[in-house]
Amino acid sequence: MNLLDKSYDVIVVGAGPAGTVAARFAAEQGVDVLVLEKDRDVGYPVRCAEAISKRNVVKFIEPNDKWIAAKINRFEFVAPNGNSVSMDLEDESGYVLERRIFDYELGLLASQAGAKILTRVYVNGLILEGNKVCGVKAEYRGKQYEIKSKVVIAADGVESRVGRWAGIKTHIDFREMESCFQVTAGNLENIDPKTLYFYLGSNYAPNGYFWVFPKGKNIANVGLGVSGDTGKKRSALSFLNDNLQKLYPAASILTQIAGGVPCALTLERISGDGILLAGDAARQVNPLTGGGIGSGMEGGSIAGRIAGEAVRKGDLSLLENYRDEWMKIRGKNHLIFDKLKDGVFNMRDEQFNAICEKMQKIPKNKRTLGKLFMTALAKQPKLLVEVAKVYMV
Amino acid sequence: MNAKEYRMAKTGKLMIEILPDKCDFCGCCVGVCPEDAIELKEAEIFIIDENCTNCSKCIWACPIEVIRFNKEGVLKTR
């Protein structure tokens, strides 16, 4: 394969949102970029709840109806006792995406910026000189290749191993891994096509949440995540089956798949000699919500830009700035989200019920996420300060 | 004695197995594996025996219960 027979300035492993945005931002600096994807298609399979705020989209791609399945203007939280509280948002505050097309479009943008992309390439090692990463080893259609590069960007997802081969400890504590199961379900009744539904509590999804995110009339991305601690006793799949049986016994299932979200703080080290980690591989997920599309694109854009600059200026020591930049732009908020996660993660069902009741008493036009967390964490004053920092209540 | 040696001494063999025909290839197990002992391709998955310590974190993280201790093992979860 001629794409694999030459060397590059930057090789990106993984063509998810982090990888293709990294590739685009690097290519825009005028350097040679190659993206390697192990699956057959960019964008498929989809392991994601597919919700994202508009703010996080517009930074990286112009909204387009061909990959927007729903435009969101409302959250609804359902407590363990079945009571619910809703929260109105501005029109089109967020989207439920058609990730299959969204990821593909991000790939096209990278390609248009000059990056090369090849799917079906399994990266199975790094070319190392001492600790210095000098390229990747990869298998493509039965043949083994060695492809040299000045910088490798590991955007290889929750199952990341590339960083490990460079000596960076990337594995995640099983308690912080949200093991997920997700379906695209049809025939759902009583679903508002502009509302994101979050179900909380030990019956729905202990140490996680059960989501119903609409993708049109009577159809939704439905799924849940539970922590590895819960997984010791019961799997995500068994919880999902129960929830569907209870709430939507008539649902038809159009797609189904397992997935994992590393709900943890960003790794201590996300760069090394000749290598940067981005997206899920760097643990750049919002540890509270598990949202990783926007933060992955953010991490990817910083990694791509820095890698491109480093190559262009012939100064690979610039790679060391990556973590500081990430922390400044996004990572510092993740520190706060991680503390809030600690505050709500182990809440008992009665507490969720009580919070819901209190929120119901607040007039609808005054309900905000900030208020919600203030109510939830009222007995943990230290955390209230943290809430104020992110939600400016 | 490290974890792997301990397990080996206690059980005499590695015991984790993945049922590849039931796997969704999601990567949860790879993400939590502290020993880099799982190889995941597009639709292929297997344990790298020489790295595995039987720590069972992959079993706990699997969303669909397709990783287990094999028949020879005495340990059982779920």
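What residue among A:Gly43, A:Gly299, A:Gly370 has the largest mean-square fluctuation in a Gaussian network model of chain A, using Cα springs under 10 Å? Ranking A:Gly43, A:Gly299, A:Gly370 by mean-square fluctuation puts A:Gly370 first. At full extension, A:Asn131 and A:Tyr44 could sit 28.0 nm farther apart than now, given 0.36 nm per residue minus the alpha carbon distance. The phi torsions of segment A:237-246, fed into the Karplus equation with coefficients 6.51, -1.76 and 1.60 and a -60° offset, translate into couplings of 4, 5, 5, 5, 4, 4, 4, 5, 4, 6 Hz, rounded to whole numbers, with Gly and Pro shown as x. The A:Arg312 and A:Ser238 beta-carbon pair, evaluated with R₀ = 45 Å, returns a calculated FRET efficiency of approximately 0.30. For chain A, the share of accessible area belonging to carbon and sulfur comes to 48 percent (1.4 Å probe, ligands and nucleic acids excluded). The mean number of partner chain beta-carbon atoms within 10 angstrom of a residue's beta-carbon across peptide A:122-131 is 1.
State whether chain A is rounded, prolate or oblate according to the following rule on the C-alpha gyration tensor (a ≥ b ≥ c being the square roots of its eigenvalues): a/c under 1.5 gives rounded; otherwise a/b larger than b/c gives prolate, and the remaining case gives oblate. Judged from the Cα gyration tensor, chain A comes out prolate (a/c at least 1.5, a/b above b/c).
Per residue, the solvent-accessible area of segment A:340-391 (1.4 Å probe, heavy atoms of protein chains only, all protein chains present) comes to 60 Å². Listed by chain and number, the lysines whose C-alpha is less than 22 Å from the C-alpha of A:Lys371, apart from same-chain residues fewer than 8 away, are A:Lys54, A:Lys194, A:Lys332, A:Lys339, A:Lys341, A:Lys358, A:Lys361, A:Lys379, A:Lys382, A:Lys389.
Mean-square fluctuations from a GNM of chain A, with a 10 angstrom spring cutoff on Cα atoms, peak among A:Ala166, A:Ala49, A:Ala282 at A:Ala166.
Qualifying trypsin sites (Lys or Arg not before Pro) in segment A:336-373, where qualification requires a DSSP coil assignment and no more than 14 other C-beta atoms within 10 Å, comprise A:Arg348. Counting, for every residue in B:39-45, the Cβ atoms of other protein chains within 10 Å of its Cβ and taking the mean gives 4. One Cα centroid belongs to segment A:125-141, the other to segment A:222-287; the line between them spans 29 Å. Annotation: A:Glu28 carries an accessible surface of approximately 120 Å², with a 1.4 Å probe and no ligand, DNA or RNA atoms counted. Remark: accessible area buried at the A-B interface is about 2400 Å², both chains counted, probe radius 1.4 Å. Out of A:Asp88, A:Asp156, A:Asp324, any idea which swings most in a Gaussian network model of chain A, alpha carbons joined below 10 Å? Among A:Asp88, A:Asp156, A:Asp324, the largest GNM mean-square fluctuation belongs to A:Asp324. For segment A:169-198, backbone nitrogen atoms closer than 20 Å to the point 7 Å from A:Asp65 Cα along Cα-to-C-beta are found at A:193-195.
Rounded to 0.05, the FRET efficiency of the B:Lys22 and A:Lys358 pair, given R0 = 60 Å and the Cβ-Cβ distance, is 0.85. In degrees from 0 to 90, rounded to the nearest 10, what is the angle of the helix A:99-112 Cα long axis to the longest principal axis of chain A? Rounded to the nearest ten degrees, it is 30.
Straight Cα distances below 17 angstrom link A:Lys38 to the lysines A:Lys116, A:Lys137, A:Lys143, B:Lys41, with same-chain residues fewer than 8 positions distant left out.
Taking the 0 to 90 degree range and rounding to the nearest ten, how far is the long axis of helix A:349-361 tilted relative to the main principal axis of chain A, both from C-alpha atoms? The angle comes out near 70 degrees. Between A:Asn2 and A:Asp349, what FRET efficiency comes out of the Förster formula 1/(1 + (r/R0)^6) with R0 = 56 Å and r the beta carbon distance, rounded to 0.05? Between A:Asp349 and A:Asn2 the formula returns 0.40. For a 4.7 Å threshold on C-beta separation, the list of partnerless cysteines in the protein assembly as shown reads A:Cys48, A:Cys134, A:Cys180, A:Cys263, A:Cys356, B:Cys23, B:Cys26, B:Cys28, B:Cys33, B:Cys52, B:Cys55, B:Cys62. In terms of its alpha-carbon gyration tensor, segment A:24-68 comes out oblate; a/c meets the 1.5 threshold, while b/c is at least as large as a/b.
The values are calculated or read from the model by the stated rules, or taken from the named source; none is laboratory data. Nothing here was measured: the structure is a model prediction, and the numbers come from that model. Heads up, the Cβs are rebuilt from the backbone with ideal geometry, glycines too, and the neighbour counts pull from every protein chain shown. For accessibility, only protein heavy atoms count, side chains too; no ligands or nucleic acids. Shrake-Rupley method; radii C 1.70, N 1.55, O 1.52, S 1.80 Å.
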